2 protein chains.
Amino acid sequence: MNALRDRILREGRNLGNGILRVDGFINHQIDPALMDGCGRALAARFAPTRAARVLTAEVSGIAPAVSTALHLGVPAVYARRDRPVTMAGPVLTAVAASRTKHRGTELFAAAEYLPPGDRVLIIDDFLATGQTILGLARLTAAAGATLVGVGVLIEKAFQDGRAALAGLGVPIESLVTITDMTGGRIVV
Amino acid sequence: MNALRDRILREGRNLGNGILRVDGFINHQIDPALMDGCGRALAARFAPTRAARVLTAEVSGIAPAVSTALHLGVPAVYARRDRPVTMAGPVLTAVAASRTKHRGTELFAAAEYLPPGDRVLIIDDFLATGQTILGLARLTAAAGATLVGVGVLIEKAFQDGRAALAGLGVPIESLVTITDMTGGRIVV
């Protein structure tokens, strides 16, 4: 995905400690055309999985999940980090840690939107430690649904996320892989 | 916007106290094709404003804002309700209350993504009391940017949001207007 790679190299900021700032086009300001292209690319890679639903976690997973779901022609569900008053019926929960968010480490989803047997594709912005995605995989398992793949915009290959997800036994796809952020660099 | 109106009448749930549950297609599970259609419709209505940027608040404003921004060909910015570690440089803040969210009532945006003089279109999922949108309008003013319009998917005309926003002096557009939710009804 050359457009995303070029944008990261041009506008991404290495904040140290492996934190990549992409606030100008993914995480605070969103470039909707770029995001649409990313969703199209992820949908093409996962078309063979015959996913029936895309699952992500609020907040930064929403835009890539909705774009991917649009191009797959399926609904997107975002797990909440707080349980809103409007969440009715049986609720699934799972634990997920996050290094850059100070909000709850629990994920909530209404069972109604993750039916048993559903083929679920997890989409998120980053694969770093893999903890959020593992939480989403636990939600999927709690639902009795079937995980069919994991797709992200950006993978930090120097962290251990891909190894942490290996046990899921599903294809893991990232549009851009960053191999090194030491010394202030961003190496793709 | 007939597709949205029909979906609300078919799947929306009146939870009482004026709270409308649209978790099946807007607020927890998103129908991406419906959302894309809503974004296209809002973009068409606001094309004459020559907006340079769409502004919304996390979480539920993100999907309609990104869809609208895609069809306008401009970036979308979502104000944060917590200040993330990646938010750098001068930060704008404004107060916004929300009845259905338990998180902070403050909104944060990096000044970098709301430049002075920018023509800003505010997009959100609901217009109810108007407090979130007023907070976004205050952010826009704090940035020295120019508010050119307010667009929402669903307006609750029985609350006082439109009156609260009248002083902004900009066009306010809603795709669906709900006039009555008393007695368990949803009247559009």
Query - Hits in segment A:1-46 (condition: on the phi > 0 side of the Ramachandran plot and without any contact (Cβ under 8 Å) to a residue 12 or more places away in the chain) - result: A:Asn17
Report task. Look at B:Arg40 and say whether it is in contact with a Gly (Cβ under 9 Å, 6 or more places away or on another chain), basic (Lys, Arg) and within 23 Å of A:Tyr78 (Cα to Cα). Result -> no
Query raised in the report: Considering only segment A:25-48, how many residues are open to solvent by less than 10 Å² (accessible area, probe 1.4 Å), facing chain B (nearest Cβ under 10 Å) and small (Gly, Ala, Ser)?
Result: 1
Query - Some residue of segment B:138-149 being within 27 Å of B:Arg5 (Cα to Cα) and either of a type outside the set (Lys, Arg) or part of a loop (DSSP other than H, G, I, E, B) (or both) - result: yes
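Looking for whichever is within 16 Å of the chain's Cα centre (by Cα), closer than 12 Å to A:Ile123 by Cα and within 12 Å of chain B (Cβ to nearest Cβ) here; the options are A:Ala109, A:Ala51, A:Ala69. Which one fits? Reasoning before the result, please.
Numbers: A:Ala109 fails: closer than 12 Å to A:Ile123 by Cα; A:Ala51 fails: within 12 Å of chain B (Cβ to nearest Cβ).
On inspection, the qualifying residue turns out to be A:Ala69.
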Query raised in the report: If you go through segment B:50-65, how many residues are among the hydroxyl-bearing types (Ser, Thr, Tyr) and open to solvent by 10 Å² or more (accessible area, probe 1.4 Å)?
Result: 1
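Okay, residues lined up against (1) buried (at least 18 other Cβ atoms within 10 Å of the Cβ); (2) aliphatic (A, V, I, L, M); (3) modelled with pLDDT of 95 or more:
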residue: B:Val74; (1), (2), (3): yes, yes, yes
residue: B:Arg83; (1), (2), (3): no, no, no
residue: B:Arg99; (1), (2), (3): no, no, no
residue: B:Leu107; (1), (2), (3): yes, yes, yes
residue: B:Leu114; (1), (2), (3): yes, yes, yes
residue: B:Gly117; (1), (2), (3): no, no, yes
Report summary line: Of A:Arg81, A:Arg5, the only residue that is of a type in the set (Lys, Arg), under 18 Å from the mean Cα position of the chain (by Cα) and more than 11 Å from chain B (Cβ to nearest Cβ) is A:Arg5
Query raised in the report: Out of B:Gly130, B:Gly144, which single residue is among the small types (Gly, Ala, Ser), away from chain A (no Cβ under 14 Å), open to solvent by 20 Å² or more (accessible area, probe 1.4 Å) and at positive phi?
Result: B:Gly144
Report summary line: Taking segment B:160-174 and keeping only residues that are open to solvent by less than 40 Å² (accessible area, probe 1.4 Å) and not in a helix (DSSP H, G or I), one is left with B:Val170, B:Ile172, B:Ser174
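The values are calculated or read from the model by the stated rules, or taken from the named source; none is laboratory data. Computed from a prediction, not measured in an experiment: that's the story for all the values here. Here the Cβ is made from the backbone with ideal geometry for all residues, glycine too, and neighbour counts use every protein chain on show. Accessible surface areas use protein heavy atoms only, side chains included; no ligands, DNA or RNA. Shrake-Rupley method; radii C 1.70, N 1.55, O 1.52, S 1.80 Å.
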